[in-house]
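Engineer: Below is a structure I'd like to ask you about.
The values are calculated or read from the model by the stated rules, or taken from the named source; none is laboratory data. The structure displayed is predicted, hence computed values, not measured ones. Please note: Cβ atoms are built from the backbone with ideal geometry, for glycine as well, and neighbour counts cover all protein chains shown. Side chains are part of the model used for accessible areas, which takes the heavy atoms of the whole protein and leaves out ligands, DNA and RNA. Shrake-Rupley method; radii C 1.70, N 1.55, O 1.52, S 1.80 Å.
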Amino acid sequence: MVTLQEITDEYNAQGGNIKLVIDSNADRSSYDQKLRTMIAGGQMPDMFDLDATPYAVELGEQGMLADMDAFLEEIGEKDSYIPLALNYGRTSDGKLYTLPLELSTEMIWYNTDMFADAGVEAPKTLDDLLAVCKALQDKGYTPFGIGGGDGWPLLRLLATYPFRMTGNDFLNQLASGEAKMTDAAGTAACEFMAEIGSYFQPGFSTTDVATGLNLFLGGKCAMYPTGTWELNYFTDENRPEELNVSYFYMPVCDGAVTKPNEYWAFGGIGLAVNPNVFDNQYKDYLTFIVKNYSPAYFAHQHLAPQKVETDNTSMFDPLFLQVMDDTAKIGDTAARPWDVVLNEDVIATINDNLPGLCMGEESPEDFAAAVDEALEANAK
């Protein structure tokens, strides 16, 4: 939002007349509900955050979203985007209704001093990860901090085994009704969550991501999963002086079909446009954003959705440069978030039951059965 305001100010300084009014919400669920209410009441914003969910498909089929493929073709900017960033915004029917404002990757951060004290190294496999958790716990540390109250961090862990075992095939087959949670990839996911959940911090199910991050930054847990949108917290300038950290990406498993350099990487929640206001003036403004946004966003030490050339890296923190180098080596496949692909009622069932699975209050078999029941109930 800071970068969008900067670009809007620049646009207006060159003769534009756009007032950027930002209406924000404290959390994603309340935002989604507010957006749906506004759209249902005929008050769709001019532009708004939108993920490529089944709801986006529904809006697109009703002609309520501007076609961003057509727009980018029209202004000759489609090839300026990094494919992983741009294509994340495609809906299940291949349509592009949003413009990415970031390129995000996700990793698990770890406290290097705690790891050294426990005699462990960054895990390469999921079995290694569980062994590291046990060694840290035996040493008296809380192994894994997580913002379980916000839902999606637990979903990311649940998706790990299926992505390593099948790529995104299992997820897509769940969505289409061709697979069940009781299949091999789903069973592995359930059993993994039941085991790793015993290493989460007390009260994880009601901890939001901001609180979870502060637990890690305060040295209260040894590991914390998050994405590059939080990178500024870990740079030399902003990280607590006594905190020494590093990170690792999604571990692999035996028989994995995806590679170690294939993990969470996407364009994030994109920018959708109301087609009823998308006139020539608005197109001129959005064209200016597309042509100028990424270099400005990159200058804030964030990974940009478009290709940005820079010869001078002296202004950047070494950590940002390291992550940028990692990004250049990402493989062809990236993990797809479950809450983007699956029906929202199915996701609600998963989110309702995952904490119990992680706390040992619900068996992997019962969890899988509940998910399969929700899948069946919401099958088209």
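Engineer: If I stretch the segment between Glu344 and Lys124 completely, what's the gain in nm (0.36 nm per residue apart, minus their alpha carbon distance), one decimal? Don't jump to the answer; show the numbers that get you there.
Structural biologist: Numbers: separation 220, 0.36 × 220 = 79.20 nm, distance 3.25 nm.
Difference between extended and current length: 76.0 nm.
Engineer: Next question, about the same structure. Over all directions, the average projected area of the alpha-carbon convex hull for the stretch 12-64 comes to how many nm²? Please report the intermediate quantities before stating the final value.
Structural biologist: Values: hull surface 20.2 nm².
Its average projected convex-hull area is 5.0 nm².
Engineer: Of the options Ile146, Met181, Leu136, report the single residue whose Cα projects farthest towards the positive end of the charge dipole of the stretch 123-208 (beta-carbon charges: Lys, Arg +1; Asp, Glu -1).
Structural biologist: Leu136
Engineer: Taking all pairs of distinct Cα atoms, average 1/r, flip it, and tell me the Kirkwood hydrodynamic radius of the stretch 74-225 in Å to one decimal place.
Structural biologist: On the way: mean 1/r = 0.0571 Å⁻¹.
Final number for the Kirkwood radius of the stretch 74-225 is 17.5 Å.
Engineer: I would also like to ask the following. I'd like the orientation of helix 28-40 relative to the chain: the angle between its Cα long axis and the longest Cα principal axis, in ° from 0 to 90, rounded to 10.
Structural biologist: In the chain, helix 28-40 runs at an angle near 40 degrees to the longest axis.
Engineer: For the chain, what log10 I(q)/I(0) values come out of the Debye formula at q = 0.06, 0.13 1/Å, with one point per alpha carbon and no solvent?
Structural biologist: Here the Debye-derived log intensity ratios amount to -0.24, -1.15.
Engineer: To continue, here is another question. Could you give the spread of the C-alpha atoms of the stretch 282-326 along their three principal axes, from largest to smallest, in whole angstroms?
Structural biologist: 38, 18, 15
Engineer: Here's something else I'd like to know. Regarding the stretch 195-307, what are the three Cα extents along the principal axes, ordered largest first, in Å?
Structural biologist: Over the stretch 195-307, Cα extents along the principal axes are 56, 41, 29 Å.
Engineer: Taking only the Cα atoms of the stretch 1-119, how large is their convex hull per residue, in Å³? Write out the running numbers ahead of the final one.
Structural biologist: Working: hull volume 23.2 nm³, N = 119.
Residue-normalised Cα hull volume stands at 195 Å³.
Engineer: Continuing with this model, one more query. How big is the antiparallel share of DSSP beta bridges in the chain, given as a percent to the nearest 5? Present the calculation step by step, with values, prior to reporting the outcome.
Structural biologist: Details: 19 of 23 bridges.
Percent antiparallel among DSSP bridges in the chain is about 85.
Engineer: Can you tell me the mean projection area, over all orientations, of the convex hull of the stretch 169-216's alpha carbons? Units nm², please.
Structural biologist: Details: hull surface 18.5 nm².
Its Cα hull, projected and averaged over all orientations, spans 4.6 nm².
Engineer: Stokes-Einstein at 20 °C, 1.002 mPa s, Kirkwood radius from Cα pairs: D for the stretch 90-168 in µm² s⁻¹?
Structural biologist: On the way: Rh = 15.3 Å.
The Stokes-Einstein estimate is 140 µm²/s.
Engineer: Just the accessible area for Cys253, please: 1.4 Å probe, Å², rounded to the nearest 10?
Structural biologist: Approximately 20 Å² for this residue.
Engineer: Let me ask something else. Hull surface divided by four, with the convex hull built on the Cα atoms of the stretch 260-314: how many nm²?
Structural biologist: Working: hull surface 23.1 nm².
Orientation-averaged projected area of the Cα hull: 5.8 nm².
Engineer: Take peptides 8-17, 306-315 and line them up by average Cβ neighbours within 10 Å, highest first, as a rough protection proxy. Intermediate results must be reported in sequence, preceding the final value.
Structural biologist: Working: 8-17: 12.3, 306-315: 9.9.
In decreasing order of mean packing, 8-17, 306-315 become 8-17, 306-315.
Engineer: For the stretch 238-367, what log10 I(q)/I(0) values come out of the Debye formula at q = 0.16, 0.23 1/Å, with one point per alpha carbon and no solvent?
Structural biologist: The Cα Debye sum returns log10 ratios of -1.14, -1.34.
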